[in-house]
Structure formats: structure tokens, C-alpha cells
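Have a look at the structure below, then the notes.
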Amino acid sequence: MQEENDILERLKHPEREPERRKMTRNLFIRNVLNSVFILMALVAMVGLLIVKQQPYLMWCYWLGLFAVIVKMAEVALRLPGMKK
């Protein structure tokens with residue numbers, strides 16, 4: 001039902017269409033950040049499973065921490081106030 005209302009709202013206000021298309025850039029950035037997060041988290045987890053030496057183990061922890069920071073940046077882009 002919500003999708004129908006959205007389509008009807010878009011037909012009623014075609015002047016808002018360019019504004020709606022601007023959000024695709026935000027979606028692209030979110031997708032890139034999410035992909036970077038997934039790759040970094042995967043490398044960190046595999047590294048933790050494979051590496052047993054202390055110096056390299058810390059690199060895995062730092063990489064995992066940085067992956068979480070990247071994810072937090074991606075989540076911050078979802079906030080409504082950040083789009084303006």
C-alpha cells in the first residue's frame with residue numbers, strides 16, 4: 001500500500017523528480033562504503049583465524065576496528081538530517 005501512495009505522490013509532483021534522483025549518489029556512496037566494510041571485516045576475521053603471531057594479530061584487530069568505523073560512517077549517511 002505504501003508503494004502505491006509513493007507512486008501516486010510522484011505522479012502528483014513531477015517537479016520533485018530531479019530532487020529524488022539526487023539521492024542515488026548517496027546510495028552509491030553507501031554501497032561503496034558497505035562493500036569496503038565487508039571486505040575489511042572478512043580479511044580481519046580470516047586473519048584472526050589464520051595468524052597466530054602477536055604483531056600480525058594486532059593488525060587484524062586494527063583492521064576490524066577500522067571496518068567498524070567505516071560501517072558507522074555508512075550508517076550515518078542513512079540519517080535523515082545528513083541528507084540536507
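Readers should treat all values here as calculations from the given coordinates under stated rules, not as data from a laboratory. Small disclaimer: the values here were computed from a predicted structure and weren't measured. Note: ideal-geometry Cβ built from the backbone for every residue, glycine included; neighbour counts use all protein chains shown.
With 0.36 nm allotted per residue and the present C-alpha distance subtracted, the Arg16-Val36 stretch has 4.0 nm of extension available. Here the peptides 53-65, 34-46, 6-18 are ranked by packing, the mean other Cβ count within 10 Å, and the order with the highest first is 34-46, 53-65, 6-18. Please report the net charge: other residues with Cβ closer than 13 Å to the Cβ of Val36, K and R +1, D and E -1. In short, +1.
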